[in-house]
Amino acid sequence: MPDSITDLEARLSQAATPVERIDTLNALAWAVLRKDASRANALSAEALRLSKEGTFASAPYQKGVIEGQRTQASLQMYNAQYDQALTLAFEALALSDEIGKPEFKPAILNVIASCYHLLGDVSQSMDYFLKQEKVGEEVGDRLEAAKAMLGLGVVYFDMDDYPNLRLCSERSLAIFEELGQDYWIGLALNNLLYALFKLGYHEEALQRANQAQELCRRTGNIRGLGNVLNSLAEGYLNMNKPVEALSCLHEALLQAKKVNDPNLEIEALTLIGQTYLQSNQYEQALAPLQQAVTQAEKYKLWRNLYESHRFLAEAYKQLGDYPQALAHYETYHVTKETSFNEENARKIQNLEVLHRTQVARKEADYFARLYQRTQEFNTQLEAEVQKRTEDLRKAYEQLERLDRTKSDFITVTAHELRTPLTVLTGYAQILLPDPELQRDPKKKDLADGIVTGAKRLSEVIDTMLLMVKVDSRALEITSEPIDLSKIIAGIANELNAAIKDRRQTLEIGREIRSLPTVEGDKTALAIVFSKIIENAIKYTPDGGHIGIKGCTWETSPQPDLPEKAVEIIVSDTGIGIDLKAQELIFTKFYRTGNALQHSSSKTKFKGGGTGLGLAIARGIIEAHQGKLWVESEGHDEQHYPGSHFHIVIPLKQRFPDPA
Ligand code: ADP
């Protein structure tokens, strides 16, 4: 049951929050709509203003806007401003969709349907009443669904389709009765009894009329009562019962005067005149018809006016007063023509409005569809991006897990290998000095082979463990001043035999000796240089050349390099490195060519390796806050373009603040 006007007024004066105030303003405006249009206008205008101001300046209070617009649309409709009414109503409808509040829609659809009805567009009107009914049912608002049925009935009434008027009235009546909506029961009953009379179901019509009268009297609905009495009188007239008709009409007249309703009054007066005419009481017909003419002229009710003139002409003719009869007959024609002209002008105007609104509707529909499509597209895109991100996250996690497993495996295996290896080296060491063995060159070679193999295996294990440390960023770097020339010279010395073996030349630039010391970890940096120089030997053919140069700077030559640093460049005249592989070679286990085809030697041409050397080297250099990269024109095993490995190490280590 909706709140009464007094309740709403009380609530308005106590409204504590802006939302409460706006909601109550709108509810009150809607409640007084039929009684006091100007008050409804003021109230809804204020609700609309408040919904877009203050707290709601940047984000309007949508419910407030929708309800305010709905009331304003109804008011515009009552003022025959169908254009504005439809614009407002469609806006409110779109907004309800946008914020996903279908419960606001039925009342708005009712305004739209009624506007189209008043504009004479039967099909649109029916369409919107049906929409109102459907949405009303969907959102569980049965009152709105019943109102839609009632509205649809009125459209059928205008089409003189009484069977359908009856159906709609009965259906809506049942719901109004169920909900105890007296005002609406009255309206539905009135429509129903009218249809029943027209269809010739007089008994039933009379029964319904009694029911309606009783209800209107009980609820004090005077206007409703007047309407029922007029309809009833018309029914009696059809049944040729002038006495009963007159009694109803006189009472209708009384009620009309009470509420000062010219429509009711003029209708009753015209019907009184018609009833007297029908019962051949021509004298008596004159006065009410004259009164009807005066009132109808005043209120510009054209149909009643020309009908009354026609009845007057008929009465005078019957009374033998031909000049009067002729005069009224002429006025009847003139008035009817004026009325038709006006009606036509209005219809043309309505058609224009309809055309405009239909064009506007089509555009609005188009944009709404476009908006919906964009929304759908965005949602789809978002879902896709989310799914991809999720897939990537999972794949990444899986890789991380795999990597961890591999690292764990390497660590465990390396440690497990170390114990038997130590035993093996120990035994070999005991065997070697044995005089018997020393005397037998064959056996000595075998023992030497065991020692070299064990040493190589030990190195591989060290490399693997180092890689795991680099990977898990667990590399512990000590920091002491280091003379890089000494490290390089030491490695050159160690590799001298291999270089000779390969008939290569190694040239260390003189400037290396005068380079400043750098801060760092001697053992770790020695690993870097030996890996890179070993590679240079390995990937350069027999007879090739390896050169080591160095320089130092105060300010970095390019933005991604450290200030104050030393740069060592190890160049070779080897097979070179493909442009695409120049970053990949620094990732672990990356090796060019077929891993199984390599021979397993540190320095043999294209000898085998673990594919870990450069990854470890880069890890160590980065732990020193330096940079390691390669430059090469490409891989070519015929022309040997060679490679240049750049190793940049800052002079001083900067440690992050403990904070
Ligand atoms: P590996 O144990 O295979 O030598 P590295 O990590 O030391 O592993 O090197 C990775 C790959 O980089 C090598 O397999 C090789 O293809 C390439 N590479 C390294 N140094 C050179 C070089 N001086 N000339 C040509 N290719 C090189």
Item to check | Separation of the Glu177 and Leu12 label points, Cα + 7 Å toward Cβ, nm | outcome: 3.6
Checklist entry - Roughly speaking, what is the stretch gain from Glu337 to Asp161, that is 0.36 nm per residue apart minus the C-alpha to C-alpha distance, in nm to one decimal? => result 60.7 nm
Checklist entry - Once Lys and Arg get +1 and Asp and Glu get -1 on their Cβ, which of Gly140, Thr463, Phe586 lies farthest toward the positive end of the dipole of the chain? => result Thr463
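Sorting Tyr78, Tyr162 on the 10 Å Cβ count, fewest up front, what's the list? All intermediate terms of the calculation are to be shown ahead of the outcome.
Values: Tyr78 14, Tyr162 18.
Placing the least packed residue first, the sequence is Tyr78, Tyr162.
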Item to check | Angle in degrees between helix 122-138 and the longest Cα principal axis of the chain, rounded to the nearest 10 | outcome: 60
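Express the relative contact order of the chain as a whole percentage, based on alpha carbon pairs under 8 Å and six or more residues apart in sequence. Could the numbers behind the result be given before it?
Numbers: 942 pairs, mean separation 37.1, N = 659.
Value for the chain: 6 percent.
With a sphere of radius 14 Å drawn around the Cβ of Leu199, what net charge do the other residues whose Cβ falls strictly inside it have (Lys, Arg +1; Asp, Glu -1)?
Details: positive: Arg166, Lys198, Arg208; negative: Asp160, Asp161, Glu170, Glu203, Glu204, Glu234.
So the environment of Leu199 carries a net charge of -3.
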Checklist entry - Amide H of Ile546: which non-local residues (sequence gap of 5 or more, or other chain) have their own amide H closer than 5 Å, using H built in the peptide plane? => result Thr505, Leu506, Glu507
Next on the checklist: I need the semi-axes of the equivalent ellipsoid of the chain: take the C-alpha gyration tensor, multiply each eigenvalue by 5, square-root it, list largest first in whole angstrom.
Outcome noted: 110, 25, 23
Next on the checklist: What FRET efficiency comes out for Trp553 versus Val385 if R0 is 35 angstrom and r is the Cβ-Cβ distance? Round to the nearest 0.05.
Outcome noted: 0.20
Next on the checklist: In the chain, if the dipole is taken from +1 on Lys/Arg beta carbons and -1 on Asp/Glu beta carbons about the Cα centre, which of Ser74, Met239, Phe605 is farthest to the positive end?
Outcome noted: Phe605
Checklist outcome for this item: With x for Gly and Pro, the residue-by-residue ³J(HN,Hα) of region 550-560, computed from phi through the Karplus equation 6.51 cos²θ - 1.76 cosθ + 1.60 at θ = phi - 60° and given in whole Hz, is x, 7, 9, 9, 8, 10, 5, x, 9, x, 8
Checklist outcome for this item: Quick calc, Arg369 & Ala345: beta-carbon distance into FRET formula, R0 35 Å, rounding 0.05, result 0.45
Item to check | Note, ³J(HN,Hα) from phi for region 199-212, Karplus 6.51, -1.76, 1.60, rounded to Hz, x at Gly and Pro | outcome: 7, x, 8, 4, 4, 5, 4, 4, 4, 5, 5, 4, 4, 5
Item to check | In region 124-245, lysine pairs closer than 24 Å at Cα, eight or more apart or cross-chain | outcome: 4
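What's the FRET efficiency of Lys394 with Glu53 using the Cβ-Cβ distance as r and R₀ = 51 Å, to the nearest 0.05? Working shown, then result.
Working: r = 49 Å, r/R0 = 0.97.
Efficiency, rounded to the nearest 0.05: 0.55.
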Item to check | Within-15-Å neighbourhood charge of Ser96 [Cβ basis; K, R +1; D, E -1] | outcome: -2
Next on the checklist: I'd like to compare 632-644, 228-240: which one has the highest average count of other Cβ atoms within 10 Å, and what's the full order after that?
Outcome noted: 228-240, 632-644
Next on the checklist: Give me, ordered by chain and number, the residues 5 or more places off Gly520 or on other chains with an amide H under 5 Å from its own placed amide H.
Outcome noted: Glu480, Ile482
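Net charge near Ala524: determine it from the other residues with C-beta under 13 Å of the C-beta of Ala524, scoring Lys and Arg +1 and Asp and Glu -1. Let's see the in-between values first.
Values: positive: Lys469, Lys522, Lys531, Arg618; negative: Asp462, Glu476, Glu480, Glu519, Asp521, Glu622.
Charge balance near Ala524 sits at -2.
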Item to check | Check: region 214-348 dipole with +1 on Lys, Arg Cβ and -1 on Asp, Glu Cβ, in debye | outcome: 400
Checklist entry - Taking the Cα centre of the chain as the origin and placing charges on Cβ (Lys, Arg +1; Asp, Glu -1), which of Thr335, Ala623, Tyr156 is farthest toward the positive end of the dipole? => result Ala623
Checklist entry - Using the count of nearby Cβ atoms within 10 Å as a rough guide to exposure, how do Tyr371, Tyr396 rank from fewest to most? => result Tyr396, Tyr371
Checklist outcome for this item: In nanometres, the difference between 0.36 nm per residue of separation and the alpha-carbon distance of Glu459 and Gln358 is 27.7 nm
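How high is the relative contact order of region 399-492, in percent, counting Cα pairs under 8 Å that sit 6 or more residues apart?
Values: 35 pairs, mean separation 30.5, N = 94.
That works out to 32 percent.
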Checklist entry - Given Lys602/Lys627; Lys549/Lys606; Lys101/Lys387; Lys394/Lys602; Lys444/Lys604; Lys469/Lys522, which pairs have Cα atoms separated by over 28 Å? => result Lys101/Lys387; Lys394/Lys602
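Please give the length that would be gained between Asp501 and Gln84 if that part of the chain were fully extended, namely 0.36 nm times their separation in residues minus their C-alpha to C-alpha distance (nm, one decimal). Before the final figure, lay out each step's value.
Values: separation 417, 0.36 × 417 = 150.12 nm, distance 9.93 nm.
Extending this stretch completely gives an extra 140.2 nm.
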Item to check | For region 226-272, convex hull volume per residue from C-alpha positions, Å³ | outcome: 47
Item to check | Mean separation of Cα contacts under 8 Å, 6 or more apart, over the residue count of region 522-580: relative contact order % | outcome: 37
Item to check | Principal axis box of region 308-393, alpha-carbon based, largest edge first, Å | outcome: 103, 19, 7
Checklist outcome for this item: Residue by residue through region 611-621, the couplings from Karplus 6.51 cos²θ - 1.76 cosθ + 1.60 with θ = phi - 60°, in Hz, x for Gly and Pro, are x, 10, x, 6, 5, 5, 4, 5, x, 5, 5
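Of all DSSP beta bridges in the chain, what percent run antiparallel (nearest 5)?
Numbers: 24 of 28 bridges.
Of all bridge pairs located within the chain, approximately 85 percent are antiparallel.
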Checklist entry - If one computes the Cα centroid of region 75-97 and of region 490-508, what distance in Å separates the two points? => result 94
Checklist entry - In debye, nearest 20: dipole of region 413-536 around its Cα centre with unit charges on the Cβ of K, R (+) and D, E (-)? => result 340
Checklist entry - Where the only charges are on Cβ atoms (+1 Lys, Arg; -1 Asp, Glu), what is the dipole of the chain about its Cα centre, to the nearest 20 debye? => result 1900
Checklist entry - Thr552's amide H: which non-local residues (gap 5+, or another chain) put their own amide H closer than 5 Å, with H modeled 1.01 Å from N in plane and none for Pro or chain starts? => result Glu567
Checklist entry - Ranking Ser556, Ser13, Ser74 by Cβ neighbours within 10 Å, fewest first, what do you get? => result Ser13, Ser556, Ser74
Checklist entry - For region 403-425, list residues with backbone N below 17 Å from a point placed 7 Å from the Cα of Val451 toward its Cβ? => result 422-425
Checklist entry - Under the rule of -39500 (n - 2.57) per DSSP H run of 4 or more residues, summed and divided by the residues of the chain, what mean residue ellipticity at 222 nm is obtained, to the nearest 500 deg cm²/dmol? => result -24000 deg cm²/dmol
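Every number in this text was worked out from the coordinates using simple rules, so none of it is lab data. Given the structure is predicted, the values throughout are model-derived calculations rather than measurements. With ideal geometry, Cβ positions are generated from the backbone for all residues, glycine too; neighbour counts draw on all protein chains shown.
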